[in-house]
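Participant: This is the structure I want to talk about, given as structure tokens.
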Amino acid sequence: MSDKQITKPVKAMKVRYTRGETILHIVIVIICTLLSLAILLPMLNILFGAFSDPYDVMKHSGLFLYPINPTLYNFSLVFNNPSILTGYLNTIFVVVVGTGLNVLLSLIGAYVLSRKGARLVKFFTLMIVFTMYFQGGTIPSYIVVESLGLINSRWSMILPGAISTFNMIVMRTAMAQVPDSLPESAMIDGASHPQVLFRIMTPLCKATVAVIVLYYAVAHWNSWFSAFLYLRDKPKFPLQLILRQILFQEETNSMAAESLALDSEAVKYATIVVATVPILMVYPFLQKYFVKGVMVGAVKG
Amino acid sequence: MSVFNLSIYNSKNRLDNEITIRESFQMKKGKSGGNSEIMIREPLSKRIRKDWSKNRGLYFLFIPVLVYYIIFHYGPMAGLLISFQNYKPIKGVFGSKWVGLKNYKDFFNSYYFWRVLRNTLKISVTNLIFSFPMPIILALMINELRTKHFKKAVQTITYLPHFISIVVIMSMLSDLTSRNGAITTFLSHFGFEPVTMLQEQKYFLPLYIISGIWQNIGWNSIIYLSAIIGIDAQLYEAAKIDGAGKLRQLFSVTLPCLFPTIIIMFILQMGKMFNVGHEKILLMYNPLTYEVADVINTYVYREGLLNMNWSYSAAVGMFNSVVSFLLVWGTNKFSKKLSGSGLW
């Protein structure tokens, strides 16, 4: 790397760069381009494969850089599969109800933990943070869920994860930044704690609420493991678990005809697109909120 | 009830935890000073009564959250007791026979102990070496990009895979690395023997690591990027005046300023050391690769829920939880001693 202090002025450039800096910049641009391609191409491969003719997909080897003989046939097969539709409905149920409960409980928890005056708050905090570092593990959790009678119930996808400690702490951090005088003056005017929480704190922390809503919703949309552990009946399966069965070819023999059609690579691609595009569509619009959430969380580690 | 809680609260009072670091730091002086004054004047019971009458509403509000944590977090912790039993679901926790440390001894003496321990450590150490620095490097590179739109595009694209479910990613991986998948075909131009890579033991670890980097490099870089942006520009100015080139600036300004962030992420990573992504491995491994892919958590899952060895697998899980906890605690202590920055 050149360490020249005085460099020749370059025409039409406000900032002066040394030759070494320019070379470094070019190298970085090349690496970033390659990395972006490496991330983008496998995704586009799925997308273009999904719109290609199934027979061409079977014959094709290598990545799809464009759809071959574009068709919507694969998608018609996907949407005719009843388990995809039930999966969609179950996932939507879990996303809506689960996220609602998540956010409600996280707001309550965050509000209480952000009140510094109360004596028990520090104990509560300690108790909750401890669970981040020490967990009971899969088997004892299973026994708890079982003893509550939640096995094979859709609530088993919602209740055991009703609060994500991390998200609650993100929320708490935001609430702790609201000046104390606001809730205090409301309390003096006779407001109760729930009123302060929902009328004052929540509107003031709108952006962070948006962030945790998104975090929870994405996590619910993509979750498969709790359903895999706790659910037995296929009509209750969320989309990701159906997806797992289709993609990893665990369809039962009784559904031979269906699985024959589903075996085709192109239909697999279309299934992935159907299951993934909704969540990816959400993302670009909300990117800045997501990023903000990470940063708020990062301050606390 | 509240007296009991309070005594715990007092005894743990000194343990400052990571959430309250900032706020408590600001209020500590005032609060502790005031506290000790009150402590002399009023007896404990009176203070409790005062606190209760003032904050009752707050505590009632907290009940649902408390109930959740007691049932779904402390319940399983108590459930770890079954690892000292010969647990039978019909008899329940109270009816099952106590067997002491038998399950632990069985685990430590079994063939699987070394296999899962070796695989767990191998996967997480490799992950630490290869995956951990990648987001830092990416953040440093993104920071150097000069075109705004290109920078934005790189960020958007690299963040994207974070939102794709692990089921989809694993199916993409198995598709790309199958006998005639795109990656296998590409590599075969360089004399690579075309095989279904996920069925080969030697490719498991590289595929696990690379797919992990693929999915998380962008997302994990956000934290570092925001830390880099937060560095005072004057530091760079001063370094430039002293004649520091880009490389010198990197090592003398950027990295030292990033260090606290890196340490925190490192400690968190250490905590996850024994919890290698078992959701991912469950989708990725198969009996052909168990020998190199089976980690503690996947073993717990198979023994507990497929073979119904409840107590035995709870013992394995307990081993896992305890070691993880000790690792976070130890790393934190070590880093505090070394650099003064830690989680708590």
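Each reported figure results from applying straightforward, stated rules to the coordinates on display, with no laboratory input. As the structure is a computational prediction, the values presented were derived from the model and not from experiment. Positions of Cβ are backbone-derived with ideal geometry, glycine not excepted, and every protein chain shown enters the neighbour counts.
Participant: If you plug each phi of the range B:49-57 into the Karplus form 6.51 cos²θ - 1.76 cosθ + 1.60 with θ = phi - 60°, what whole-Hz ³J(HN,Hα) values come out, in order, with x for Gly and Pro?
Facilitator: Per residue, the Karplus-derived 3J(HN,Hα) values read 4, 4, 4, 5, 5, 7, 10, 3, x Hz.
Participant: Which part of the range B:206-226 falls in the paramagnetic zone of B:Ile129, meaning amide N under 18 Å from the point 7 Å along Cα-to-beta-carbon?
Facilitator: Residues B:206-213 fall inside that zone.
Participant: Restricting to DSSP H runs of at least four residues, report the calculated mean residue ellipticity at 222 nm for the protein assembly as shown, -39500 (n - 2.57) per run over all residues, nearest 500 deg cm²/dmol.
Facilitator: Helices in the protein assembly as shown give a 222 nm mean residue ellipticity of -21500 deg cm²/dmol.
Participant: Using +1 at the Cβ of each Lys and Arg and -1 at the Cβ of each Asp and Glu in the range B:102-339, identify which of B:Leu160, B:Gly243, B:Ile136 lies farthest towards the dipole's positive end.
Facilitator: It is B:Gly243, whose Cα lies furthest towards the positive end.
Participant: Which of the three applies to the range A:103-214, rounded, prolate or oblate, going by the alpha-carbon gyration tensor with a ≥ b ≥ c and a/c under 1.5 meaning rounded?
Facilitator: It comes out prolate by the Cα gyration axes.
Participant: Kindly provide the pair-distance distribution of the protein assembly as shown built from C-alpha pairs, with 20 Å bins from 0 and whole-percent values in order of increasing distance.
Facilitator: Calculated over all Cα pairs of the protein assembly as shown, the distribution is 16, 48, 31, 5, 0 percent.
Participant: How large is the Rg to Rh ratio of the range A:1-154 when both quantities use alpha carbon positions and Rh follows Kirkwood?
Facilitator: Answer for the range A:1-154: 1.20.
Participant: Would you please name the trypsin sites (Lys or Arg not before Pro) within the range A:151-252 that are DSSP coil residues with at most 16 other C-beta atoms within 10 Å of their C-beta?
Facilitator: Answer in residue order: A:Arg232.
Participant: Oh, and also: Please give me, ordered by residue number, the chymotrypsin sites (Phe, Trp or Tyr not before Pro) of the range B:116-187 that lie in loop per DSSP and have at most 14 other Cβ atoms within 10 Å.
Facilitator: none
Participant: Moving to a separate point now. DSSP loop trypsin sites (Lys or Arg not before Pro) in the range A:15-107 with at most 16 other Cβ atoms within 10 Å of their Cβ, which ones?
Facilitator: Qualifying residues, ordered by number: A:Arg16.
Participant: A 19 angstrom limit on the alpha carbon distance is what I want to check against. Which of A:Lys206/A:Lys288; B:Lys122/B:Lys280; B:Lys105/B:Lys333 exceed it?
Facilitator: Violating the 19 Å limit, Cα to Cα: B:Lys105/B:Lys333.
Participant: To continue, here is another question. If you count, for every residue in B:170-177, the Cβ atoms of partner chains within 10 Å of its Cβ, what is the mean?
Facilitator: The shielding value for this peptide is 5.
Participant: Right, next: Within 10 Å, count the other beta carbons around each residue, average over each peptide in B:226-238, B:95-107, and list them highest first.
Facilitator: B:95-107, B:226-238
Participant: Starting from the Cα gyration tensor of the range B:83-153, take the square roots of the eigenvalues, sort them a ≥ b ≥ c, and report rounded, prolate or oblate (rounded when a/c is under 1.5, otherwise prolate if a/b is larger than b/c, else oblate).
Facilitator: Since a/c reaches 1.5 and a/b is larger than b/c, the shape of the range B:83-153 is classed as prolate.
Participant: Go ahead and run the numbers for FRET between B:Thr156 and B:Val195, Cβ-Cβ distance against an R0 of 41 Å, rounding to 0.05.
Facilitator: 0.70
Participant: Send over the Kirkwood Rh of chain A, from the inverse of the averaged 1/r over different Cα pairs, rounded to one decimal Å.
Facilitator: After inverting the pairwise mean of 1/r, the radius is 23.5 Å.
Participant: If only Cα atoms are counted, what is the Rg of chain B, and what is its Dmax, in Å?
Facilitator: Gyration radius and largest Cα-Cα distance of chain B: 25.8, 83 Å.
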